[in-house]
1. Just to check I understand the Karplus step: with θ = phi - 60° and J = 6.51 cos²θ - 1.76 cosθ + 1.60, what whole-Hz values come out for segment B:103-118, glycine and proline as x?
2. What average count of beta carbons from other chains do you get within 10 Å of the Cβ of residues in A:85-98?
3. On average, how many beta carbons from a partner chain sit within 10 Å of the beta carbon of a residue in B:96-105?
4. Once you average over the residues of A:104-112, how many Cβ atoms of partner chains fall within 10 Å of each Cβ?
5. First measure r as the distance between the Cβ atoms of B:GLN218 and B:ILE142, then evaluate 1/(1 + (r/R0)^6) with R0 = 22 Å and state the FRET efficiency to the nearest 0.05.
6. With no solvent and one equal point scatterer placed on each C-alpha of segment B:279-423, evaluate the Debye formula and give log10 I(q)/I(0) for q = 0.19, 0.21 Å⁻¹, two decimals.
7. Expected output is a single nm value to one decimal: the length gained when fully extending between B:GLU410 and B:TYR264, i.e. 0.36 nm times separation in residues minus the C-alpha distance. What is it?
8. Per residue, how big is the convex hull of chain B when only Cα atoms are used? Give it in Å³.
Amino acid sequence: MIPHSARLKISRRSWLLAGLTASLFRARAAVNLTVHFDGDNLHVAAPQLHFLTGKPLNRLQDGSTVVFLSQLTLLREDRLTVFRRSAERLTLSYDVWEEKFRVTLGTDGRSVSGLSSATAEAWCLDNLAISALGMAADRPFWLRLELREADPRELSAVVGDSGISLTTMIEIFSRKSRTDRAHWTLDAGPLRLADLRLGAGHKAQKG
Amino acid sequence: MRLVWLACLGFGGLLAAAPQDPELNVNSRYLVETVIVAGDGWSTDLASEPNEKISVGLRRQILALIGTKLNPNLLDDLAARLRKEFQARAVSHRLKRGDQPDSVRVVFEIKVPPTRFDVSVPKFLYNAKQGWSGAVEGTGAIERNSFTLGLVSDQDELVERYTGLRARYENTRLGTDRVRVRFQFEDYHDQWNGATRNQLLLGGGPADLTSGVYRTRQNFEPVVSFVIAKPLTLSVGTSFERFEDQFPAAKTEAANALLATLRYQWQLEDSDTRQDVDAGYSLHAATRILKSDFVYLRQQWTLHYTLRRGKHTVTDGVQFGFLSGHAPLFERYVAGDSTQLRGWNKYEIDPLGGNRIVTNSVDYRYGILDLFYDTGAVWDSGQPSIARHSVGAGFRQGPFFLAVAFPVREHRPDPIFMVGMNY
């Protein structure tokens, strides 16, 4: 007869696995993606997403330019079929005298200086948008935000002597990220434009 | 799908628009006050300290940054050049506030891999008269210590063809950057040209001044080098060489010598021209004190001067050699190889080599085209010296060389074809 206490004994491996899983779930649950609709475009916000940390931050503080590539993707309800994509390039630098950040958008060249780390992150996400034109108001959809620190080698592969390599560009977001480059993927949904029109942002999360 | 492609095109435009624009970096409005380059245990402020570790051309490019507005793209280019020049694992750069307002200091940090392995071909040559010569080496390095193991078969350098292995340990920083130490061991099997054997069998003259042919040869050579001043290096050491004679009876003899080499390397570069001078003096003194069976004094002076201007390159190499006493065959001077008196067959000039040598080689290069003129003489003391000349042409690209050389003499020219690398 096996004593009751022995049957309930949890191994050290199980404790370790449970600890790791719990911390992972906490990390994933901590980042929310909020979606807003202005009548034409969908905008995102993620106050808990801090991408100006770690190696990218170190590189910025060393005076280097760091580029983040972002992509918003509208997905059908099945979360597989792509309806639309919108990409943006965010170029950041850090003023070694003023200790403030500068961000420049790739689409229209707009830039803003004198930002703190938190305001720079918020400004980047505020300026990401994807058109909702042609979407049925009551049809459920998902919105995915992908953010990745660009590898200079990726950039040089995309823009080469022979022009822009579209194949390479698609590969950047298709392939798995290099482990030493920061990257984030956040999903929000299922959403409906009809609900978003009501005014309140709708949020969902995915770490 | 069409939308995806459109999105990609738009995204491509974004990528193409920005990456090379230095204005994207907010620090590009600051002046560069100075540039600091830091490596493994050393650091130099290029604005105030000359640094010989960095080549003149690269140093000039780095110095050009000082006093100008910061261009981050230039920093990436210079980091790549430093990485190549130092064979570094990585070169990073960072900015620090300057002493003056609105100025920055640029710091390049060179990271050398703690361990590395490299396979190289120090020499590869085909000479129509002498056949193939070549060497391959594998080098493993841990920080400042390197271990090399190589295989070699060479009939170009000496009277003999020596085939075997060499092993070497080197420490390039013995307490200080100015002291290096090297231990080399060589183990060769030797083969001889018929002309050399016949000359020795005849006896008399130069045959009495040297050893007989030997079938094997081993050498152990510890050497310490001191960097006296940056362009001037003194190396001292010993060579414990022993070889097994074939005739008249198998016996082992030793040629143990003190070694000393003084070398001066200097480079001057301006916007149009670059000049390199490499001068050296070497001394081998074999003495009974080291239990040597041979007693001799071998001295050699060399001078190489190179002038480069655009695609034009002129090189002049001069060599004088003086050998006194009774020296084994591997110490005797040879010409008519792939570097001196090219076009002549060394066994035709003197199958045993000589104890005196004077040579001069002039090369003119335009792009990859190479024209050369060699002159010189190898002889033995007490014998008349005969000056010989040769001309040739070829192509040289990097370490690769292909040439045809003609001896200048009265009867029919007998050209020698040479092809190879690093010789």
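1. Using θ = phi - 60°, the values come out as 10, 10, 9, 9, 10, 9, 10, 9, 10, 8, x, x, 10, 8, 9, 9 Hz.
2. Details: counts 8, 4, 8, 3, 7, 1, 6, 3, 7, 4, 6, 11, 11, 1.
Partner Cβ neighbours, averaged per residue: 6.
3. Details: counts 3, 3, 2, 0, 0, 1, 1, 1, 3, 2.
Average neighbour count from other chains, rounded to a whole number: 2.
4. Numbers: counts 6, 2, 10, 5, 2, 6, 0, 3, 0.
Across the residues of A:104-112, the mean count of other-chain Cβ atoms within 10 Å is 4.
5. Details: r = 27 Å, r/R0 = 1.22.
Computed FRET efficiency for B:GLN218 and B:ILE142: 0.25.
6. Listed by q, the Debye log ratios stand at -1.13, -1.28.
7. Numbers: separation 146, 0.36 × 146 = 52.56 nm, distance 3.98 nm.
Working it through step by step, the gained length comes to 48.6 nm.
8. 195 Å³
The values are calculated or read from the model by the stated rules, or taken from the named source; none is laboratory data. Remember, predicted model here, so these are calculated numbers, not experimental data. Cβ: placed from backbone, ideal geometry, glycine included. Neighbour counts: every protein chain shown. Accessible surface areas use protein heavy atoms only, side chains included; no ligands, DNA or RNA. Shrake-Rupley method; radii C 1.70, N 1.55, O 1.52, S 1.80 Å.
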